[in-house]
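Shown next, in structure tokens, is the structure this report addresses.
We did not get these values from a lab; they are worked out from the coordinates using the rules stated. Remember, it's a predicted structure, so these values are computed and weren't measured experimentally. Note that we place each Cβ from the backbone using ideal geometry, even for glycine, and neighbour counts take in every protein chain shown.
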Amino acid sequence: MNIVKLPKYLEPLTTTYSINANACSLIMTDQKNYGFLLNTFILPIIENNGYIKYHDFFYRNCPLINSQKISLEVIQRFFKKITDFIIFAIDNQQYVMIPIDNFYIEAYKTEHHFSHALFIYGYNLNENLFFISDNFENGVYQNKSCSFNELEKAYNSFNLNNDPGENHQYYKSLFQNCIELLSIYTNVNTKTIFEPYVVKELLIDYLNSHATNMWNYENGIWGKSELHNVRYGISCYEKIIDKCTNALVSGDFGYGGIQGLYFVCDHKRIMVKRLEFMIDNKFINNGQIYHEAYIKLQNDCLNNLNLAIKFLLKKDMNIINKLINHYKDIHDQEQWLLTKLIKDNDIIV
């Protein structure tokens, strides 16, 4: 076949970081997995570098995903070009994750060299195109395309890059001179259902700013000084307020700042969907009270994100003072709400 597209769910559960969105887009092609996903994306980890991401989901540890890293040395023994290997993989129902320098991919519309992971789910031999997914313009998760030639240049540039920058080092470490193939297990012995007790335990960890031992989290290795700066859960608001304070001084939210504002919007949106599922399946008492409250929190976080974008355009420092006060209010409201949820034992386990 000249045109092949592997199935993808168009609106994955999470979209803040494409590496999670890609995994969810595969998992959600089978809707029976939806409840399983709602056990996750509850507990943030706030790393010392400023990034806020999910601690309780890592695609390589997910029991639904088959992840295989194929070394470049092996690939080059059997294929003349990386594009030939990718086509072969897709023909064998394997999705492809490949590290790139996104400067060479026109869809990113960037003038800067930046290391990243690109997700490929199909190809068009008539036009020499790959079908790709990522957070493109304005951080919106989208499906686009790139030429075979763009992909080759982007991959080669990544491998030749000796930049010691944190972003490049992260992807070097993540891929270890390999290309990754992903597929979904169809016959899984592991339970892949919604587990309300897991949600309850993770919400307790979130509320108490604790790490979790409950789920399929990413293993992180930090030195003593780094570990001191790693936080979890609801303390993500403290980091966001720090980023806003930084904007008062420098006019910018700093490394990982805007992503953090996207993250809390994503986090609240997923909680709204989780509560809807729990209400529909009778896993919660007084569900409508919590659902309505989280819709408000979601809207408040979205309004804050829009204010932050407005600040980046206008540099009005009054906006930052509003943001700091708003995030303090959101923190207090969510803390009260979850304390009530846990104290009243409204989750039915």
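Results, tabulated for the structure shown:
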{"quantity": "Gain in span if fully extended, LYS296 to ASP316, counting 0.36 nm per residue against the direct Cα distance", "calculated": "4.6 nm"}
{"quantity": "The range 79-156: relative contact order as a whole-number percent, Cα under 8 Å and 6+ apart", "calculated": "29"}
{"quantity": "Distance between modelled label sites at ASN161 and TYR185, nm, 7 Å Cα→Cβ extension", "calculated": "3.3"}
{"quantity": "Exposure proxy order (Cβ contacts within 10 Å, fewest to most) of ARG77, ARG231, ARG274", "calculated": "ARG77, ARG231, ARG274"}
{"quantity": "Lys, Arg +1 and Asp, Glu -1 on Cβ, resulting dipole of the range 196-343 about Cα centre, debye, nearest 20", "calculated": "180"}
{"quantity": "Net charge dipole size for the chain [Lys, Arg +1 and Asp, Glu -1 on Cβ; Debye, nearest 20]", "calculated": "200"}
{"quantity": "Relative contact order for the chain, counting Cα pairs under 8 Å that sit 6 or more residues apart, in percent", "calculated": "22"}
{"quantity": "Pairs beyond 29 Å (Cα-Cα), from LYS32/LYS343; LYS200/LYS315; LYS243/LYS296; LYS153/LYS268; LYS200/LYS296", "calculated": "LYS32/LYS343; LYS200/LYS315; LYS153/LYS268"}
{"quantity": "Ranked VAL230, VAL140, VAL74, VAL272, criterion: other C-beta atoms within 10 Å, fewest first", "calculated": "VAL140, VAL74, VAL230, VAL272"}
{"quantity": "Reachable aspartates and glutamates, given that their alpha-carbon falls under 12 Å from the alpha-carbon of LYS239 and they are not under 8 places away in the same chain", "calculated": "GLU47"}
{"quantity": "Cβ-based exposure ranking for THR339, THR14, in which fewest neighbours within 10 Å come first", "calculated": "THR339, THR14"}
{"quantity": "Lys/Arg +1, Asp/Glu -1 at C-beta; the chain dipole; positive extreme among HIS55, GLN288, SER209", "calculated": "GLN288"}
{"quantity": "Cα-based reach from LYS81 at 18 Å (exclusive), listing aspartates and glutamates while leaving out same-chain residues under 8 positions away", "calculated": "GLU73, ASP91, ASP101, GLU127, GLU150, GLU152, GLU180"}
{"quantity": "Inter-probe distance in nm under a simple model that places probes 7 Å from Cα toward Cβ, at GLU137 and ASN303", "calculated": "2.8"}
{"quantity": "Cα→Cβ-extended label distance, 7 Å offset, between GLN31 and ASN177, nm", "calculated": "4.6"}
{"quantity": "About the Cα centre, charge dipole magnitude for the range 1-92 (Lys/Arg +1, Asp/Glu -1 at Cβ), debye", "calculated": "240"}
{"quantity": "The range 320-347 residues near the modelled ASN208 label - backbone nitrogen below 20 Å, point 7 Å along Cα→Cβ", "calculated": "332, 334-347"}
{"quantity": "The range 196-343, relative contact order in percent, only Cα pairs under 8 angstrom and at least six apart counted", "calculated": "26"}
{"quantity": "Cβ-defined net charge surrounding TYR141, 9 Å radius [Lys, Arg +1; Asp, Glu -1]", "calculated": "-2"}
